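Readers should treat all values here as calculations from the given coordinates under stated rules, not as data from a laboratory. Just so we're clear, the structure is a prediction, and the values are computed from it rather than from any experiment. Ideal geometry is used to build each Cβ from the backbone, glycine not excepted, and the neighbour counts take in all protein chains shown.
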């Protein structure tokens, strides 16, 4: 199963590819027709991403041909970036805040959730959750420190909501979020996500 977006008669549309068949997932009513899928559950039954409403981008969770809006944290906009393997937990950003979503609690600010659980964020503002592991226990993303430098983070939900922060290599511009996101994902893939000071 592969998900992403393509051009349909309506506009840019979230889509999934399965067994050589590409299926459009639709979009929300209002605003320009534009949606994109960013991740899919292990069995392909749940797709997440973002569509467009009159207010702007809106995170969605798609299942059984229904595109469910996930709401926002007060900014009016949101974007889902990743889903757990069983499709139950979604992460992403709303405005400039990282979020975590599940069907019981709805969308929650990841900053606030960690703080309420007694976690010291060391002055880091978690701006975007980029990926969640298949078991739903590890989240990686990017934040900003007091100097507005981009700081990648990893949160282990299963071990007491403990975050770890990684310093940014001097060779990567701190204003380049896509490059930093790629760095975070690369380190996760090679198992290098351990605490370390600034490089």
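Find the Rg to Rh ratio for region 14-76, where Rh is the Kirkwood radius over alpha-carbon pairs and Rg uses the same atoms. Walk me through the numbers on the way to the answer.
On the way: Rg = 11.8 Å, Rh = 12.0 Å.
Reported Rg/Rh (Cα atoms, Kirkwood Rh): 0.98.
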Problem - Sorted by Cβ density within 10 Å, fewest first, the residues 79, 144 - result: 144, 79
Completion exercise
Subtracting the Cα-Cα distance of residue 108 and residue 120 from 0.36 nm times their residue separation yields 2.6 nm
Handout entry: region 1-145 - convex hull of the alpha-carbon atoms, volume per residue in Å³
Key = 106 Å³
Exercise for the section: Just the ratio, please: alpha-carbon radius of gyration of region 76-124 over 2.2 N^0.38 Å, N its number of residues. Expected result: 1.18
Handout entry: Relative contact order (percent, whole number), region 30-120, Cα cutoff 8 Å, 6+ residue spacing
Key = 20 percent
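Mean separation of Cα pairs under 8 Å and 6+ residues apart, divided by the residue count of region 1-69: what relative contact order is that in percent?
For region 1-69, the relative contact order is 25 percent.
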Practice task
Highest first, please rank the peptides 42-49, 106-113 by the mean number of other Cβ atoms sitting within 10 Å of their residues.
Solution key: 42-49, 106-113
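At 0.36 nm per residue, minus the direct Cα-Cα distance, what do residue 75 and residue 10 gain on full extension? Give it in nm, one decimal, please.
20.7 nm is the gain from fully extending residue 75 to residue 10.
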Handout entry: Cβ-derived FRET efficiency at R0 45 Å, residue 66 paired with residue 146, nearest 0.05
Key = 0.60
